[in-house]
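The structure appears right after this line, and notes come after that.
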Amino acid sequence: MRGRTSGYVPTWLPPIAVVGALLVLMPLIAMATRVDWANVGSLVTSPSAVAALALSLRTSVAATALCVLLGVPMAVVLARVEFPLKALARTLVLVPLVLPPVVGGLALLYAFGRRGLLGGTLNLLGLDIAFSTTAVVLAQTFVALPFMVLTLESALRAQGSTYEAVASTLGARRGYTFRHVTLPLMWPALVAGTVLCFARALGEFGATITFAGSLEGVTRTVPLEIYLQREVDPDAAVALSLLLIVVALVIVGFAYRHPGSRRVK
Amino acid sequence: MRLQASVTLEERGLDAAVSVKSGRTLALLGPNGSGKSSLLGAIAGVLRPDSGRTTLGDEELFDVSPGNSHWPRPDERLVGLLGQEPMLFPHLSALDNVAFPARARGVSRTEARREALEWLAAVDAESVAQSRPGALSGGQAQRVAIARALAAQPELLLLDEPLAALDVDAAVKIRAVLADVLRDRTAIFATHDVVDASMLADDIAVMHDGRIVESGPTRDVLTRPQHPFTARMAGRGLIRGVRTDAGLELPDGAVVRGMLADDAAVGTDALLTARPAAVELLSRHAGAPGGDSNTITAPVTNVETHAEVLRVWAGGLIADIDLDAARDTALARGDLVTLRVDPVGATIYSNAMSPTSD
């Protein structure tokens with residue numbers, strides 16, 4: 001052990017790191033001991049589980065797409081455009097990150113619910129968002145969007161806009177430069193942000209149950225299904241949880257291996 | 001096309017005007033931090049000045065003044081900017097980097113790549129066409145950057161210390177490429193290196209603390225500097241005085257002889273310049289100079305090592321002494337020394353006083 005340390009790390013530090021790692025790992029290990037391995041297959045393929053999985057996948061993909069669509073312009077504006085109250089705008093964008101999701105769900109309800117701020121307008125248009133699959137996507141987008149904005153904005157800042165200036169002196173218009181210089185250069189960050197958004201959307205619980213409810217096949221995503229089965233059928237809950245953990249591990253591995261692999265000078 | 005530019009930018013202490021005749025290369029010669037990059041940045045459109053106006057031929061590139069703001073984006077100007085770093089797009093091959101300007105103009109990929117290959121051939125870099133920028137050496141990358149700047153077909157090419165980041169070998173090669181590229185092209189070449197300026201530029205504008213102190217044809221500026229700062233950049237001694245029959249009379253009455261470069265009248269303000277090679281340091285403690293020794297006596301103003309010699313400044317002149325001799329004399333600022341000027345190596349010419357700008 002000692003031979004491997006770089007020599008600049010105080011000796012008391014690694015033990016604390018190990019405690020931290022155990023805090024994260026212990027619950028996962030504990031859960032693995034409770035898994036009914038023989039029946040995992042059938043537990044995660046029960047009709048209600050399959051419905052929840054399918055819904056989770058659909059809504060998370062939709063929410064992630066929305067995060068890309070909205071997050072890219074937001075990050076670019078925050079990183080590259082000077083405007084009044086910019087610091088405040090950046091703070092507000094990050095609010096969903098620190099807000100308890102259940103509060104976010106309530107806020108969404110007051111904005112888009114039937115009697116919400118925009119509810120009347122939406123009603124006139126024949127749209128009733130609350131307690132629908134759309135509400136699930138909105139809730140997931142709400143909580144995941146800051147991850148995209150944060151990831152992209154810091155990448156854009158670190159990169160600076162020198163390459164864009166070069167492109168401009170080479171005669172490239174702003175739109176062309178954005179598509180052929182800015183986007184390719186922020187690609188690794190976009191991949192990382194997308195993966196993080198998808199993970200956050202997949203795990204969304206509080207805002208979803210508050211704003212969308214828990215209706216099988218319509219708004220009951222995997223986390224909601226787990227919460228429900230926890231009382232009724234703990235084995236099913238554990239099996240589904242295991243599935244989410246595996247997905248999370250794959251995603252984290254993907255997100256933290258890829259961005260560094262393409263170094264930009 | 002003729003370029004005329006005047007730019008002020010208070011934040012960088014820049015207040016300069018330059019003009020470049022059509023097809024000629026102007027070297028903007030000055031030390032780092034003298035404002036060269038800011039001036040080029042303003043002309044290219046990447047740095048907005050407080051005020052200024054620039055025209056290229058009949059076209060106004062920009063005009064920023066109180067109550068008037070014509071400030072087009074860089075892509076709306078026909079000005080290319082090549083920097084110290086190649087800044088090749090890391091996600092594109094060398095070929096696609098060079099094809100970029102044509103692609104941005106809407107040229108098809110095939111045609112843009114065909115043109116790009118020609119530009120790469122012009123700078124002798126076809127062999128790296130398929131390489132990623134990360135795999136190129138500094139010299140190769142700068143070749144590709146030159147090809148890319150040319151591919152944009154600018155009416156005016158600005159080069160900001162394009163050789164400064166290269167090692168000596170690569171710099172020699174790229175200098176040759178640039179000599180070829182800059183022939184018959186309207187260009188400004190910013191450099192702190194008097195060698196680059198003398199080899200690549202038709203004209204020189206000397207920049208000091210954000211201002212142009214002197215400008216003119218390269219040979220004139222470097223061999224007959226008007227401003228002490230120019231002389232310093234050119235590595236020449238420069239003393240002021242008054243023209244006499246025999247040479248230059250200094251304020252203290254001493255007369256230094258030299259080659260008369262023009263037939264200005266006796267009594268007019270004049271300058272004498274001499275290379276270090278034409279100046280000999282006689283002794284630390286000056287005795288009274290002999291009648292025909294062509295010497296001046298002055299305190300040492302600066303001493304520094306320069307290649308294998310100790311370079312000594314005194315009374316505006318520069319003398320080199322070899323390091324062995326230097327060890328014995330132990331010169332320091334303020335020591336009084338006597339310098340002998342070789343009359344054949346010294347040039348005397350009129351002091352134009354106000355620097356000419358055209």
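The values are calculated or read from the model by the stated rules, or taken from the named source; none is laboratory data. As the structure is a computational prediction, the values presented were derived from the model and not from experiment. Backbone-built Cβ (ideal geometry, glycine too); neighbour counts: all protein chains shown.
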**Hey, B:Arg113 more than 24 Å from B:Ile188 (Cβ to Cβ), facing chain A (nearest Cβ under 8 Å) and in a helix (DSSP H, G or I) or not** = no
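Would the stretch B:13-28 turn up any residue that is away from chain A (no Cβ under 14 Å), of a type in the set (S, T, N, Q) and closer than 30 Å to B:Arg232 by Cβ? Explain how you work it out, then say what you get.
Our first condition is that a residue be away from chain A (no Cβ under 14 Å); within the stretch B:13-28, this holds for B:13-28.
Remaining after also requiring of a type in the set (S, T, N, Q): B:19, B:22, B:25.
Okay, now just the ones that are also closer than 30 Å to B:Arg232 by Cβ, so B:19, B:25.
Yes, the stretch B:13-28 has at least one match.
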Every listed condition ((1) modelled with pLDDT of 80 or more; (2) surrounded by fewer than 18 Cβ atoms within 10 Å (Cβ to Cβ); (3) not in a loop (DSSP other than H, G, I, E, B)) holds for A:Leu117 save (3)
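Can A:Thr194 be described as at pLDDT 90 or above and within 30 Å of A:Arg115 (Cβ to Cβ)? Quick ask: steps written out before the conclusion?
Values: at pLDDT 90 or above: yes; within 30 Å of A:Arg115 (Cβ to Cβ): no.
No.
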Of the listed residues (B:Ile188, B:Ile174), the one being out of contact with any His (no Cβ under 8 Å at 6 or more places or on another chain), closer than 29 Å to B:Phe229 by Cα and part of a strand (DSSP E or B) is B:Ile188
B:Gly57 meets each of (1) at negative phi; (2) at pLDDT below 95 with one exception, condition (1)
Can you confirm whether A:Ala144 is within 12 Å of another protein chain (Cβ to nearest Cβ), crowded, with 24+ Cβ neighbours inside 10 Å and not β-branched (Val, Ile, Thr)?
no
Here the residues within the stretch B:84-105 that are out of contact with any helix residue (DSSP H, G or I) (no Cβ under 8 Å at 6 or more places or on another chain), at the interface with chain A (Cβ under 9 Å from one of its Cβ atoms) and assigned to a loop (DSSP other than H, G, I, E, B) are B:Glu85
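Does A:Glu225 satisfy the condition of being part of a helix (DSSP H, G or I) and among the acidic types (Asp, Glu)?
Values: part of a helix (DSSP H, G or I): yes; among the acidic types (Asp, Glu): yes.
Yes.
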Subset of the stretch B:48-80, residues in a strand (DSSP E or B), exposed (fewer than 15 other Cβ atoms within 10 Å of the Cβ) and of a type in the set (Gly, Ala, Ser), comes to B:Ser65, B:Ser69
Kindly evaluate A:Pro96 against the criterion of being in a helix (DSSP H, G or I) and touching a Gly at 6+ places or on another chain (Cβ under 8 Å). yes
Over the stretch B:31-45, the set of residues away from chain A (no Cβ under 12 Å) and in contact with a Lys or Arg (Cβ under 8 Å, 6 or more places away or on another chain) is B:Gly35, B:Ser38, B:Ala42
Scanning the stretch A:154-175 residue by residue, those part of a helix (DSSP H, G or I), facing another protein chain (nearest Cβ under 7 Å) and surrounded by fewer than 19 Cβ atoms within 10 Å (Cβ to Cβ) turn out to be A:Thr162
* Any residue in the stretch A:184-195 that is closer than 30 Å to A:Asp36 by Cβ, buried (at least 23 other Cβ atoms within 10 Å of the Cβ) and away from chain B (no Cβ under 14 Å)? -> no
The lone condition B:Glu126 fails out of (1) more than 14 Å from chain A (Cβ to nearest Cβ); (2) under 28 Å from B:Ser22 (Cα atoms); (3) surrounded by fewer than 20 Cβ atoms within 10 Å (Cβ to Cβ) is (2)
By residue number, the members of the stretch B:81-101 that are over 20 Å from B:Ser127 (Cα atoms) and surrounded by fewer than 21 Cβ atoms within 10 Å (Cβ to Cβ) are B:Gln84, B:Glu85
Expected output for the stretch B:133-162 (first residue facing chain A (nearest Cβ under 9 Å) and free of Cβ contacts under 8 Å to residues at least 60 places away in the same chain, partner aromatic (Phe, Trp, Tyr) and surrounded by 23 or more Cβ atoms within 10 Å (Cβ to Cβ), Cβ below 7 Å, 6+ apart or cross-chain) is B:Ala151/B:Trp119
Residue pairs within 8 Å by beta carbon, gap of at least six or interchain, first lying in the stretch A:78-105 and more than 30 Å from A:Ile209 (Cβ to Cβ), second part of a loop (DSSP other than H, G, I, E, B), listed first then second, are A:Arg80/A:Ser161
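Each row is one residue, and each column tells you yes or no for (1) surrounded by 13 or more Cβ atoms within 10 Å (Cβ to Cβ); (2) farther than 30 Å from A:Val232 by Cα.
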residue: A:Thr11; (1), (2): no, yes
residue: A:Leu25; (1), (2): no, no
residue: A:Pro47; (1), (2): no, no
residue: A:Ala52; (1), (2): yes, no
residue: A:Gly71; (1), (2): yes, yes
When B:Asp15 is run through (1) among the acidic types (Asp, Glu); (2) closer than 21 Å to A:Phe178 by Cα; (3) crowded, with 18+ Cβ neighbours inside 10 Å, the failure sits at (2)
